[in-house]
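My structure is below; once you've seen it, I'll send some questions.
The values are calculated or read from the model by the stated rules, or taken from the named source; none is laboratory data. In this text, all values refer to a predicted model and were calculated from it rather than measured experimentally. Ideal geometry is used to build each Cβ from the backbone, glycine not excepted, and the neighbour counts take in all protein chains shown. Please note that ligands, DNA and RNA were not included when accessible areas were found on the heavy atoms of the full protein model with its side chains. Shrake-Rupley method; radii C 1.70, N 1.55, O 1.52, S 1.80 Å.
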Amino acid sequence: MAPSIPTEPASKRNGTNVNDQEVVPIGPSPGLSSNPPRYISEQTLQHMLKSIGYDEAREDAYRLKGVQLIDSVRQSISLPVKTFDTAATYYHRFRIRFPSAEYNYEDVALASLFVACKVEDTIKKSKDVLCAAHNIRQPHDQRTPDDKMFDGPSKFTVGLERHILETIGFDFQAQYPQKLLIKLLRKMFPKGVKGDSPDVKRFISDAYDMSIDLYKTFAPLKQPSLPLVMAILELTVMLTGMGGDRISQFYSDRYPARKGCILEVMLDLMDLYTQFAKSTKVGSRYDLNKLMDVKIDINKMLSGNRYHRHFAWCDKCVQDSSDALSVTPGSAISPATNSSLPGNNTVKRNNKSSEGTLRFVFDHEDARFERETVVEYFDDVYEEIEEEVEERIPDEPRHSSRSAHHSHSSHRNHTDHGWSPYSRSRHGGHNSDRHKGRKGHGYY
């Protein structure tokens, strides 16, 4: 009979009484459970990038081009900004998990936008997304979505869709900082109080475009919406020089945001603007010297408050690992690399073999309770047992004459001064072997 374990259902954890005799028989192995993290720290992010052979100079260019492609296609087919936020988040999560040698960044960007259209209920067909991207890349060769040239890439995009869903862990929650940003801007500049002046319009335009540039960094993966929005407002105040006295009202118990998180997002944006100003919307509007001065002021605020560059950084957890080399991206089966090849309805990857079924659990408490319940029944436990066994001592040998002869022979050999005895022949004793063939005074 199979053993049984008492389980603690949700009703007991909520405080209700459950019959103690109720038991559930053990079934098959529950398999593997995955808890998708909502946010990723900078330290974990760097470890994930090193594990896939992240080449910083090359991958930064692919990150900017991918997000720019998503934004261009989104505007081309008239999708809202929330779809852009979700697509850019999926794109970053996919890129930090898989090396660039396996997939082309354009394919991942378009597949992320296709999945985001379904999640945000702004449904577009995969051919619509691919056709819009084709018309943007090649304006002289305009096509329609029903063209047969998109049949192969469409199947490839559907194959990438499954991998994107596994990457995000089927957790479709996303954050939209633009929604909160508009509310705070209305509080800062209400209508009728200089709300229609050119300076205010410029402030609002820079703040909103900065929220788009924000998704060209990894900041949305590390922080929630409130620190992102506060960083945008703080940085816009430092760049435009206005509205500084009105932003202090948001630092209260109603808007709990840590200053270290805000400064981290501000420095991420300033790194983007100082290094890739032409690839952004706000960075190209200001002089490089102005941007560098603002970045220096932020660093002084960071050092003055004794904050680390990255929030929740652990120096003891830093592991020295050699940087792996990244392989040239692109693949022969990638439609963005070679659009003439037909796509497949499945995308094959070399997954590691594992026992059981991979399940995605969203409630971390339930996943922890399940793991603690079944771990003692699936772990191999060994116990050392000491046992005393009586062993019989063998009797002494009875052949005493043979042992005496052996001792006499040993004594004789010892007195022979190093000369070993002659071996006996089958024709006679050792004396006959010694003088065999001897005649006179010599040998013949």
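Any idea which of (1) charged (D, E, K, R); (2) open to solvent by less than 60 Å² (accessible area, probe 1.4 Å); (3) within 30 Å of the chain's Cα centre (by Cα) is the one Glu102 doesn't satisfy?
Among (1) charged (D, E, K, R); (2) open to solvent by less than 60 Å² (accessible area, probe 1.4 Å); (3) within 30 Å of the chain's Cα centre (by Cα), the lone unmet condition for Glu102 is (2).
For the range 136-157, enumerate the residues that are crowded, with 17+ Cβ neighbours inside 10 Å and within 26 Å of Thr89 (Cβ to Cβ).
Once the filter is applied, which keeps residues that are crowded, with 17+ Cβ neighbours inside 10 Å and within 26 Å of Thr89 (Cβ to Cβ), the range 136-157 yields Pro145, Phe150, Pro153, Ser154, Lys155, Phe156, Thr157.
Looking only at residues that are modelled with pLDDT under 90 and hydrophobic (A, V, I, L, M, F, W, C) in the range 186-206, which one is nearest to Leu226 (Cα to Cα)?
Ranking the candidates gives Met188 first.
Within the range 194-238, can you find the residues that are of a type in the set (Ser, Thr, Tyr), touching a residue at least 24 places away in the same chain (Cβ under 8 Å) and in a helix (DSSP H, G or I)?
Those that are of a type in the set (Ser, Thr, Tyr), touching a residue at least 24 places away in the same chain (Cβ under 8 Å) and in a helix (DSSP H, G or I): Tyr208, Ser211, Tyr215, Ser225, Thr236.
Note down all Cβ pairs under 9 Å where the first residue falls in the range 40-56 and is within 14 Å of Phe94 (Cα to Cα), the second is modelled with pLDDT under 85 and not in a loop (DSSP other than H, G, I, E, B), and they're at least six residues apart or on different chains.
Ile40/Met48; Leu49/Glu56; Tyr54/Gln46; Tyr54/Met48
Let me ask another. Which condition number in (1) open to solvent by 50 Å² or more (accessible area, probe 1.4 Å); (2) acidic (Asp, Glu); (3) over 25 Å from Met266 (Cβ atoms) is the one that Asp171 fails?
With respect to (1) open to solvent by 50 Å² or more (accessible area, probe 1.4 Å); (2) acidic (Asp, Glu); (3) over 25 Å from Met266 (Cβ atoms), Asp171 is out only on (1).
Out of (1) under 27 Å from Ile212 (Cα atoms); (2) surrounded by fewer than 17 Cβ atoms within 10 Å (Cβ to Cβ), what's the single condition that is false for Val115?
(2)
Do we have any residue at all in the range 187-210 that's open to solvent by 10 Å² or more (accessible area, probe 1.4 Å), of a type in the set (Ser, Thr, Tyr) and out of contact with any helix residue (DSSP H, G or I) (no Cβ under 9 Å at 6 or more places or on another chain)? Give the steps one after another, and end with the answer.
Of the residues in the range 187-210, the ones open to solvent by 10 Å² or more (accessible area, probe 1.4 Å) are 187, 189-199, 201-202, 204-205, 208-209.
Narrowing the set further to residues that are of a type in the set (Ser, Thr, Tyr) leaves 197, 205, 208.
Subsequent filtering for residues that are out of contact with any helix residue (DSSP H, G or I) (no Cβ under 9 Å at 6 or more places or on another chain) retains 197, 205.
Checking the range 187-210: at least one residue is open to solvent by 10 Å² or more (accessible area, probe 1.4 Å), of a type in the set (Ser, Thr, Tyr) and out of contact with any helix residue (DSSP H, G or I) (no Cβ under 9 Å at 6 or more places or on another chain).
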